[in-house]
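J.: This is the structure I have questions about; it appears just below.
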Amino acid sequence: ALQGPREEIVYLPCIYRNTGIEKPDYLATVDVDPKSPHYCQVIHRLPMPNLKDELHHSGWNACSSCFGDATKKRNRLILPSLISSRVYVVDVGTDLRAPRIHKVVEPVELFWKGNVANPHTSHCLGSGDILISCLGDPSGNGKGGFILLDGETFEVKGNWENGEKVPPLGYDFWYQPRHNVLLSTEWGAPKVLADGFNPADVARGHYGRHINVWDWSTHTYIQAVDLGQGSIPLEIRFLHNPDAAEGFVGCALSGAVHRFYKTEKGDWAAEKVIEVPSKKVQGWLLPDMPGLITDILISLDDRFLYFSNWLHGDIRQYDISNTRQPKLVGQVFLGGSITKGGPVTVVEDKELQCQPEPFVIKGKRVPGGPQMIQLSLDGKRLYVTSSLYSGWDKQFYPDLVKEGSVMLQIDVDTERGGLKVNKNFLVDFGKEPDGPVLAHEIRYPGGDCTSDIWM
């Protein structure tokens with residue numbers, strides 16, 4: 001995969017929910033080939049047939065776990081809607097540059113056949129089926145269940161999980177058959193987080209704190225690894241080496257990255273290996289501002305770990321040659337809530353000497369902070385978008401909702417480590433034909449660091 005072809009186009013879901021623009025979300029195709037006359041431009045838009053879906057994360061109908069099966073083609077993008085609970089199946093095989101809708105799985109299918117809602121992460125399985133994690137039940141309560149789609153017909157088969165025990169909350173997941181395990185994380189109860197973040201809901205137990213451990217072969221929930229009150233573990237990533245019994249999870253509110261690992265006893269545990277200290281501030285929601293680690297990924301060679309601090313405004317690169325002692329080797333600020341001249345004053349900072357300058361590229365002052373990240377297969381280019389989720393964008397970065405999000409590119413030093421903004425690369429989603437839009441997760445047609453699981 002490391003030697004795969006350079007990405008020429010990427011797909012991004014673009015969201016209009018909460019922007020005041022009554023238009024459907026759409027899937028944008030963006031040209032990222034420097035040799036192309038359409039470099040940094042949206043070359044195709046596929047609008048969904050409904051309003052207010054909140055497209056979020058996407059996955060493939062086939063990935064590396066189907067490698068060697070000539071009947072499987074990566075020709076369908078699975079696009080769950082976080083709020084409407086629809087799942088769109090998008091045909092990218094007929095025309096890579098102009099996707100079209102292949103099938104719509106309506107919410108009632110998830111409600112009736114699985115008693116789940118708010119689908120989030122989808123991964124294809126070696127069996128050819130598609131597994132999607134969910135955040136809640138049809139009433140908006142938290143519930144960490146899963147739904148299984150047939151990989152050919154895309155019909156809902158029912159729940160993946162067996163038994164009565166299900167975690168109280170759900171979010172992201174990763175599986176590793178060689179260790180007979182699936183690990184899932186917890187964001188919050190959908191009806192609580194839908195329209196914004198209330199810190200009091202953390203103490204009430206409406207937000208997550210566990211890595212949930214599932215037996216891969218029996219599909220049963222067997223263990224919860226507690227990462228602490230108010231941690232909110234979001235994206236979880238195993239090392240790409242299928243023999244590795246370890247990986248990392250980023251915790252949004254605690255600002256910690258935990259290494260999870262299989263113990264000698266055969267169960268799972270976690271240890272904190274990185275902590276981003278909160279900053280003492282004035283003029284903000286709370287007196288302490290967390291970094292808010294929202295996305296995290298590992299390079300395909302398992303050498304570097306990357307994550308974004310959506311509120312502090314930086315992206316970090318760590319050398320993880322020693323997984324127990326990650327070493328910070330690259331950092332770049334791309335906006336955030338603590339920039340100079342804004343409403344927030346930092347009164348105590350354990351890391352920075354002064355507040356960072358606002359981020360300006362091609363004459364545009366960028367609103368919001370770095371959020372979703374995706375790394376090129378060769379590890380040399382890191383793509384970044386700035387929208388987290390429309391309900392939270394509206395609360396924390398009102399200018400982002402008014403002006404639209406951006407996609408940026410960071411050049412990566414893969415020898416010694418180091419990050420540098422590519423000043424020639426800007427996709428400004430504030431200039432879309434129907435008005436400013438919130439672009440979210442980035443996918444390459446050929447697979448990428450966060451969709452492929454090797455078996």
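The values are calculated or read from the model by the stated rules, or taken from the named source; none is laboratory data. From a predicted model like this one, the values you see are computed outputs, not experimental measurements. Don't worry about glycine lacking a Cβ; one is built from the backbone with ideal geometry, like all the others, and counts go over all protein chains shown. Heads up: the accessible areas ignore ligands, DNA and RNA and are worked out on the full protein's heavy atoms, side chains in. Shrake-Rupley method; radii C 1.70, N 1.55, O 1.52, S 1.80 Å.
J.: Among 294-300, 407-413, what's the highest-first ranking by average C-beta atoms within 10 angstrom per residue?
T.: Numbers: 294-300: 23.1, 407-413: 20.7.
Top of the packing list down: 294-300, 407-413.
J.: Could you state the accessible area per residue of the chain in Å², with a 1.4 Å probe and every protein chain left in place?
T.: Numbers: 16690 Å² over 455 residues.
I get 37 Å² per residue for the chain.
J.: Still on this structure, I have one more. Of N422, Q317, C124, which is farthest towards the positive pole of the chain's charge dipole, taken about the Cα centre with +1 and -1 on the beta-carbons of Lys, Arg and Asp, Glu respectively?
T.: N422
J.: Net charge within 15 Å of D195 by Cβ-Cβ distance, Lys/Arg positive one each and Asp/Glu negative one each, not counting D195 itself?
T.: Around D195, the charge tally is +1.
J.: Cross-link list K280/K327; K191/K272; K52/K191; K23/K364: which exceed 27 angstrom alpha carbon to alpha carbon?
T.: Check vs 27 Å cut-off fails for K191/K272.
J.: Can you tell me how much longer the chain between N75 and T218 gets when fully stretched, taken as 0.36 nm per residue apart minus their C-alpha distance, in nm with one decimal?
T.: So the extension gain works out to 48.5 nm.
J.: Report the label-to-label distance for D434 and R45 in nanometres (one decimal), using points 7 Å from each Cα along the Cα→Cβ vector.
T.: Modelled inter-label distance: 0.7 nm.
J.: Compute the Cα gyration tensor for the range 1-149, then decide on rounded, prolate or oblate, letting a ≥ b ≥ c be the square roots of its eigenvalues: rounded whenever a/c is under 1.5, prolate when a/b is larger than b/c in the other cases, and oblate in all that remain.
T.: Oblate, because a/c is 1.5 or more while a/b does not exceed b/c.
J.: Also: Can you tell me how much longer the chain between D195 and D129 gets when fully stretched, taken as 0.36 nm per residue apart minus their C-alpha distance, in nm with one decimal?
T.: Numbers: separation 66, 0.36 × 66 = 23.76 nm, distance 3.26 nm.
Once the chain is fully extended between D195 and D129, it gains 20.5 nm.
J.: Using 7 Å Cα-to-Cβ label points, what is the K380/D301 separation (nm, one decimal)?
T.: 1.2
J.: Around I43, which amide H atoms from residues at least 5 apart in sequence, or from another chain, sit under 5 Å from its own amide H, with H modelled in the peptide plane?
T.: T29, V30, D31
J.: Mind ordering 271-277, 208-214 by average Cβ neighbours within 10 Å, highest first?
T.: Highest mean packing first, the order is 208-214, 271-277.
J.: Counting only protein heavy atoms and a 1.4 Å probe, tell me what percentage of the range 9-439's accessible area is made up of carbon and sulfur.
T.: 49
J.: In nm, what is the difference between 0.36 nm times the number of residues separating L96 and Q282 and their Cα-Cα distance?
T.: Here the segment from L96 to Q282 would lengthen by 62.1 nm.
J.: How large, in Å, is the chain by the Kirkwood hydrodynamic radius built from its alpha-carbon pairs?
T.: It is 21.8 Å.
J.: Could you pull out every residue, at least 5 positions away or on a different chain, whose amide H is within less than 5 Å of the one on G247? Hs are placed 1.01 Å off N in the peptide plane, and Pro or chain starts have none.
T.: Correct list: L239, F260.
J.: Might you work out the accessible area of H38 for me, using a 1.4 Å probe with all protein chains in place, and round it to the nearest 10 Å²?
T.: Spelled out: H38, probe radius 1.4 Å, area about 90 Å².
J.: Excluding V401 itself, calculate the net charge of residues whose Cβ lies under 9 Å from the Cβ of V401, where each Lys or Arg counts +1 and each Asp or Glu counts -1.
T.: Its environment carries a net charge of -1.
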